[in-house]
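Here the structure comes first, spelled out in structure tokens, and everything after it is commentary.
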Amino acid sequence: MNLSYGLERLWLWLVGLLEKLISWLGLPYIFAYTLEKIIFAVALLVFISVSVLYLIWLERKVSAHMQSRLGPMHVGGWRGWAQTIADMVKLLFKEDIIPAKADKWVHRIAPLVVFIPSLMGFLVIPFEKNLIAQDLNAGILLIFAFSSIAVLAIIMGGWASNNKYTLLGGIRSAAQMISYEIPLVLSVVSVIMLVGSFKLNDMVAAQSGAGKVWFVFTQPLAFLLYLIAATAEVNRTPFDIPEAESELVSGYNTEYSGLKYGFFMLSEFTNMLIVSLVAATVFLGGWSAPSWLSRVPGIVILLVKTYFIVFVLMWIRWTFPRLRVDRLMDFGWKILIPLAFINIFVTALVMAVWRKPTKILRIIKERLLVIL
Amino acid sequence: MDFSFISDSIVTYGVFLLFAVVAVASAFLVVSVRSVMHSALFLAVFLLSVAAFFFIFDADFLGIVQILLYVGGVIVLILFAVMLTARVSSSLLQQTNEQKYSALIVCALLFIMLSYSILISGLQGFENTLLPGGTAKSVGWLLMTVYVLPFEVASIVLLAALIGAMAIVGKKDE
Amino acid sequence: MTKGFIPEAIMQGLLALTPEVFVLCLAFFIIIADLILPVKSKRNILDIAAVGLTGALLLTIGALFQQGMYIFNNALVVDSFARFFKIIILVSAVFMLLMSRDYKALENNKIGEYTALVVLVTLGMMLMAGASDLLMLFLSIEFVSIVFFVLVGFVKKDSKSREAAVKYFLIGAFSSAVFVYGASFLVGVTGASSFPSIQQYLIAHGISNLFIVGLLLMLVGFGFKIALVPFHMWAPDAYEGAPAPVTAFLSVASKSAGVAVLIRTFLAILPDNSNVNLILALLAAITMTVGNLVALTQNNAKRLLAYSGIAHVGFIMMGFVAYGLFGVQSVLIYTLAYLFTNMGAFAFVIAIYNKTGSDDIRDYGGLSLVSPALAFVFFVFLISLAGVPPTAGFLGKLLVLGAAIDSGYTWLAVIGVLNSVVSLYFYARIAYFMYFAKEKKITEAIKPSLSLNIIIYSSLFMVLYICLLPEQFLNLAKKTVQLLTGSFHGY
């Protein structure tokens, strides 16, 4: 595939320039490498912060319109676009309260622990073919691995606040996230089997080009399972047991205020962004597009797909009621996980037959003859 | 200025040392900190730095599995258990008994013996062969060929553990 | 490259593992049977398992002297040495299931899990007996330990059982950590995990200090499994708290499997034993002395048998210290004798417990009056434990002492003889209560159930048979040791 019109070209040009500069200065390559990564990370950070701010605004608008309300309308002018910025500024200046009997250090660290892992996931997402921070071999696993650290932070926050509601929220979230991480990973396994690689770029490649279709069509069940498990993984309704406001005040982050609360909130939306990005990349073809759209930058295509998933998640949130705790567990263990296993099994079977149809048939015939 | 001394290997070595210090310090804190919750959290830090070792030595798959299983699974389960046992989480338990000094002497002797024999043994590293298709593929290949029996037995062990767990906690109706 | 679905090498390995595969299928069958059978007839699951394991036993006996080989890329070795221990494990598993049938403390609705765990742990021990790769070794040892943690604490209502399980678990977890640490040194030094590769490395490069340190750390793991002093702390509590059939199983099968891996590891890895033998000899001496001396004051039958079991491990270690052909042979005979003697003794403990609800030996008074024949049979098992002729225990002790003297460990043999004398006292103490106690606690005749009777009389038969007609068994042991695959000595 030739270089698209996207950001990719700009980035590769920048990288080339940087490397020339470094070698002209007589410095080893590692400097250029480090600088590249730092620039990319900063750009990524800016992208994440801006999109998360707008995700929050979007969530409020979507929810409002679903309930025939208007949502934020005044701040900034057009449709209240500056509402979340104002909110964030407010959070910055709020008093930071730590409960008297809290475990102070754990209480302080928890917001960071929740935020940093959710950023790490972005390292392996290809925004375009070469627009990726680090194309690791085990790419998609890295995302799941770091998203599993978020549980730790929620437990830390819930426990350190020394409040029974936060503790309950923490326990619930631990149980929920452990349970739903399994179907989440398993649902992607069938795609990994089809692609034969953990690299997200390979997954995109397997869905783009002539005669290839998105995995959402070949693996519909996996997509559905992923979507459900991902909703639970980011603690959104109907799986928002950890922060069910009618039962647990606000869940694990009840005792947080100011900037720390902001971190929890940001990380929630960051997580939503990343599960949507993964869904778009793994199941909807990522940055690739049909040939008639080849003039559109890949990153735009990826973001359109991502925001579609984001919208679906919001839609689900504002239409479904919350599940009861035990139903939630039952659903995860007794329905999602067996379905995921069945999906893997069927995929493997189809792959085996697809690859060597004649051989398999011959073996079956031989076995049957032996038995008869 | 001459920067040519900075190479990949020096940077790797520096990062390795950094994480080694973090690993040892957090491992020490796991056993010396008084609150069980903090112990578990430092254990998470330790496991994460072990994962960092894997990343440093190009075994990214193992590093990720380390995070996924140990930090995301084991530590969360430990924390879960800590939270459910109110006494342990709310009060500071006494962690040592009157034998702590004799235990310290034994540990010190053991430490000296081990470090002595490690130092004189002149352990040599093994050849670092980059595996085709990355570690994930090679690990998978090995699991299904060379180590197929341990791999399958491990699944039977898990089955047994599952039945055992059910036998311990399960309440069956008469 | 492959023909059919299963590659040739794996097929060959599976064929060599027929008994194990059979046991695994049995375990699955039991899990399914547990789902189907109504609660009332759940005890039948124990019978199914016993019959199935007897089938596996016959399969193993049939293949006993087949040529040994490494399978699954050296992960396992199947040779007659491994099969010999598998037979011991399977026999004790069958006996254990028969004992459980009448053990009152077991609830009917938990029988399914219980039986499945017993069958699975039998599989684990069978794998342990053949493990020839550090990975497989650790995996199988953990397998067995994990299931036994559950089995020891199986009677949840009994606080002693729970306490025993927790103690066993804590010490077990710690010792496996030390074991893995030691094994990591072995891998670090040699760069290999299977015994043949480690052996090759040692032939080429010699033994380093670190290797010995690693091996000694691994010995901690083995020591825990076979209750070697000073790693025996868990044994008395676990034995006392666990349900009696589990105790019997733990003391015979788990110990034999531990002995098997211990011997296999040292024989297959070390070219000669000069580096570690003094340590092993000292451990043997300490183990028997501590076991016997502490047993002197015990009143609980299970606890007493625990300490006596520790002492017996000392004797087994003595045969192992002798190392050569004769040494290993004596260990085999000793283990065989210990199997039948201990199982018989435990069958009595259970029979009496079922009647009186007590494990205290002071409550055994009057047994000789109400059921003299049974009391005499019990007496025979006791003197076999003590090593008095004409019983199997005597033959075992004789061979072990002979092996020790043969390879120059006369001092160890002397300690062994002294220990036998000490042990006579506490075994005789049980006999004293049975025959001469003033308080006659047992007033009705003890009628062991059919399954217990099977155990008691078949054990009695074997105990006498092994001692009176030892030639067959000596030949069997000799042949077994000759077919020991992969040892340095090549016998």
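The values are calculated or read from the model by the stated rules, or taken from the named source; none is laboratory data. Since this is a predicted model, take the numbers as computed values, not measurements. Neighbour counts are summed over all protein chains in view; Cβ atoms, including those assigned to glycine, are modelled from backbone coordinates with ideal geometry.
Here A:Glu233 meets the list (1) under 18 Å from the mean Cα position of the chain (by Cα); (2) modelled with pLDDT under 75; (3) acidic (Asp, Glu) almost entirely, failing just condition (2).
Residues in the range A:323-353 that are modelled with pLDDT under 85 and touching a Phe, Trp or Tyr at 6+ places or on another chain (Cβ under 8 Å) were compared, and the one that is farthest from A:Ser173 (Cα to Cα) is A:Leu323. Under the condition of being touching a residue at least 60 places away in the same chain (Cβ under 8 Å), aliphatic (A, V, I, L, M) and assigned to a helix (DSSP H, G or I), the residues counted in the range C:187-218 number 6. Could you give every pair whose Cβ atoms fall below 8 Å, whose first residue belongs to the range B:152-172 and is within 7 Å of chain C (Cβ to nearest Cβ), and whose second residue is hydroxyl-bearing (Ser, Thr, Tyr) and surrounded by 13 or more Cβ atoms within 10 Å (Cβ to Cβ), counting only separations of at least 6 or pairs across chains? Hits for this filter: B:Val153/C:Ser140; B:Ala167/C:Tyr114. The single condition from (1) under 17 Å from C:Val313 (Cα atoms); (2) outside any helix (DSSP H, G or I); (3) not polar (S, T, N, Q) that C:Gly416 fails is (2). Out of C:Phe169, C:Phe174, one residue alone is out of contact with any Gly (no Cβ under 9 Å at 6 or more places or on another chain) and among the aromatic types (Phe, Trp, Tyr). It is C:Phe174.
Within the range C:273-296, being more than 16 Å from C:His232 (Cβ to Cβ) and free of Cβ contacts under 8 Å to residues at least 12 places away in the same chain holds for C:Ser274, C:Leu278.
Taking the criterion of being of a type in the set (D, E, K, R) and out of contact with any Phe, Trp or Tyr (no Cβ under 8 Å at 6 or more places or on another chain), the only residue of the range A:280-313 that qualifies is A:Lys305. For the range C:200-219, the tally of residues that are within 20 Å of C:Asn277 (Cβ to Cβ) and within 11 Å of chain B (Cβ to nearest Cβ) stands at 10. Among the residues of the range C:275-290, just one is of a type in the set (Val, Ile, Thr) and under 10 Å from C:Met317 (Cα atoms), namely C:Thr287. Hey, does the range A:116-134 have a residue that's within 9 Å of chain B (Cβ to nearest Cβ) and in contact with an Asp or Glu (Cβ under 8 Å, 6 or more places away or on another chain)? The answer is no, given that none of the residues of the range A:116-134 is within 9 Å of chain B (Cβ to nearest Cβ) and in contact with an Asp or Glu (Cβ under 8 Å, 6 or more places away or on another chain). For the range C:102-135, residues that are among the small types (Gly, Ala, Ser), outside any helix (DSSP H, G or I) and more than 23 Å from C:Ala177 (Cβ to Cβ) total 1. Every condition in (1) at pLDDT below 90; (2) farther than 25 Å from C:Met288 by Cα is met by C:Val213 except one, and the failing one is (2).
Of the conditions (1) basic (Lys, Arg); (2) touching an Asp or Glu at 6+ places or on another chain (Cβ under 9 Å); (3) assigned to a helix (DSSP H, G or I), C:Lys441 fails just one. Which one is it? Condition not satisfied by C:Lys441: (3). The requirement of being within 11 Å of chain B (Cβ to nearest Cβ), among the charged types (D, E, K, R) and within 16 Å of the chain's Cα centre (by Cα) is fulfilled somewhere in the range C:137-149, by at least one residue.
Determine, yes or no, whether C:Val51 is surrounded by fewer than 18 Cβ atoms within 10 Å (Cβ to Cβ) and away from every other protein chain (no Cβ under 14 Å). So C:Val51 passes the test. For the range B:51-69, residues that are assigned to a helix (DSSP H, G or I) and surrounded by fewer than 21 Cβ atoms within 10 Å (Cβ to Cβ) total 8.
Applying the criterion of being farther than 18 Å from C:Ile350 by Cβ and out of contact with any helix residue (DSSP H, G or I) (no Cβ under 6 Å at 6 or more places or on another chain) to the residues of the range C:291-313, the residue that is modelled with the lowest pLDDT is C:Thr297.
Does C:Tyr103 satisfy being within 14 Å of another protein chain (Cβ to nearest Cβ), on the phi < 0 side of the Ramachandran plot and among the hydroxyl-bearing types (Ser, Thr, Tyr)? Answer is no for this residue.
Yes or no: A:Ala160 in contact with a His (Cβ under 6 Å, 6 or more places away or on another chain) and not polar (S, T, N, Q)?
Answer is yes for this residue.
Taken across the range B:91-114, residues that are within 14 Å of chain A (Cβ to nearest Cβ) and at pLDDT 85 or above do not occur at all. Of all residues in the range A:285-300, those satisfying the criterion of being on the phi < 0 side of the Ramachandran plot and crowded, with 23+ Cβ neighbours inside 10 Å are A:Trp287, A:Ser288, A:Gly298. Checked against (1) surrounded by fewer than 18 Cβ atoms within 10 Å (Cβ to Cβ); (2) in contact with a strand residue (DSSP E or B) (Cβ under 8 Å, 6 or more places away or on another chain); (3) at pLDDT 85 or above, C:Leu17 meets all criteria but (1).
Consider C:Leu267 carefully, then state whether it is within 13 Å of the chain's Cα centre (by Cα) and over 14 Å from C:Thr287 (Cα atoms). When the stated conditions are applied, C:Leu267 does not pass them. If you check A:Ile192, A:Ile140, A:Ile182 for being modelled with pLDDT of 85 or more, within 14 Å of another protein chain (Cβ to nearest Cβ) and crowded, with 23+ Cβ neighbours inside 10 Å, only one passes: A:Ile140.
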